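Undergrad: Below you'll find the structure I mean.
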Amino acid sequence: MPISTRGLLAQWVLVTFNALLSVYSLAMVVAITLRPCSSSSISNDLGAHAATTTCNISQLELFLLGFHLVFAALALTGAAVAYVGHIVLVHLTRGMLFVFAAIYLALAVYELAAVRPVTPMGPLELVVAVLTFAVGVPSGAVYERELRCDRRVIPDAFDSVLPSNPWSGSGLERTIRRSTAAAAVVRPR
């Protein structure tokens, strides 16, 4: 059974959004890796300066590097899953977007509040978190709902076993069929 237009739009948004998140995460990995040494992280050893300039990488930078690498891989996987349309994996992808948006929000707040000097990464990650909450999570929910509605092909024999959903067309049709059948079975006395 083909998916509805609304489902196709949600699928397209989810695939595109996950792919863009993957590209953003890879760009952040490159930015963190190529970030010049700040004055506080430059080595004070004069012998080290004569040979090469060495930088110390903070634990936050290592965490950000690992987080963005993992998120790039998961976002790319999420784009592939949304393209394929497996309902359980779409549910997991939507949950993953929610968790990563929460982590992005926490990182952005931490970077804006605690990291000095303020880098452009804090506000940028805040924008990514808000966009993920505003676009990624809702499109995942819409796509999952459309997959559930469009792929529910249930034989009539299961009508009495499964509860009907009054908001879906197929559930409404089953309810009407059941009530019509019940009216036809009325026995004369």
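The values are calculated or read from the model by the stated rules, or taken from the named source; none is laboratory data. It should be emphasised that the depicted structure is a prediction, and the values quoted were computed from it without experimental measurement. No Cβ is skipped: glycine too gets one built from the backbone with ideal geometry, and neighbour counts run over all protein chains shown.
Undergrad: Against the conditions (1) at pLDDT 80 or above; (2) closer than 15 Å to Tyr24 by Cα, where does Tyr83 fall short? Just the number, please.
TA: (2)
Yes or no, residue by residue, for (1) under 22 Å from Arg145 (Cα atoms); (2) among the aliphatic types (A, V, I, L, M):
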position	(1), (2)
Ala72	no, yes
Thr93	yes, no
Leu97	yes, yes
Ala101	yes, yes
Tyr104	no, no
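Undergrad: Of these, Thr175, Thr93, Thr132, which one is modelled with pLDDT under 80, of a type in the set (Ser, Thr, Tyr) and either part of a helix (DSSP H, G or I) or outside the structural domain of His68 (by TED's automatic domain parsing) (or both)?
TA: On the way: Thr93 fails: modelled with pLDDT under 80; Thr132 fails: modelled with pLDDT under 80.
Only one candidate qualifies: Thr175.
Undergrad: Continuing with the same structure: May I ask you to verify whether Val29 is in contact with a Leu (Cβ under 6 Å, 6 or more places away or on another chain) and either modelled with pLDDT under 85 or buried (at least 17 other Cβ atoms within 10 Å of the Cβ) (or both)?
TA: On the way: in contact with a Leu (Cβ under 6 Å, 6 or more places away or on another chain): yes; either modelled with pLDDT under 85 or buried (at least 17 other Cβ atoms within 10 Å of the Cβ) (or both): yes.
Yes; evaluated as a whole, the condition is true for this residue.
Undergrad: Looking at Pro123, is it at pLDDT 55 or above, in the same structural domain as Thr33 (by TED's automatic domain parsing), assigned to a loop (DSSP other than H, G, I, E, B) and not basic (Lys, Arg)?
TA: For Pro123, the condition - at pLDDT 55 or above, in the same structural domain as Thr33 (by TED's automatic domain parsing), assigned to a loop (DSSP other than H, G, I, E, B) and not basic (Lys, Arg) - is not met.
Undergrad: Quick one: which of Leu105, Leu69, Leu112 is under 24 Å from Trp12 (Cα atoms) and in a helix (DSSP H, G or I)?
TA: Working: Leu105 fails: under 24 Å from Trp12 (Cα atoms); Leu112 fails: under 24 Å from Trp12 (Cα atoms).
Sole residue among the options that is under 24 Å from Trp12 (Cα atoms) and in a helix (DSSP H, G or I): Leu69.
Undergrad: Which condition number does His91 fail, the rest of (1) exposed (fewer than 13 other Cβ atoms within 10 Å of the Cβ); (2) over 9 Å from the mean Cα position of the chain (by Cα) being met?
TA: (1)
Undergrad: Same structure, new question: Which residue pairs have Cβ atoms closer than 7 Å, lie 6 or more positions apart in sequence or on different chains, and pair a first residue in the range 102-116 that is within 19 Å of Phe71 (Cβ to Cβ) and in the same structural domain as His68 (by TED's automatic domain parsing) with a second residue that is hydroxyl-bearing (Ser, Thr, Tyr) and surrounded by 13 or more Cβ atoms within 10 Å (Cβ to Cβ)?
TA: Every condition considered, the pairs that remain are Tyr104/Thr132; Glu111/Thr119.
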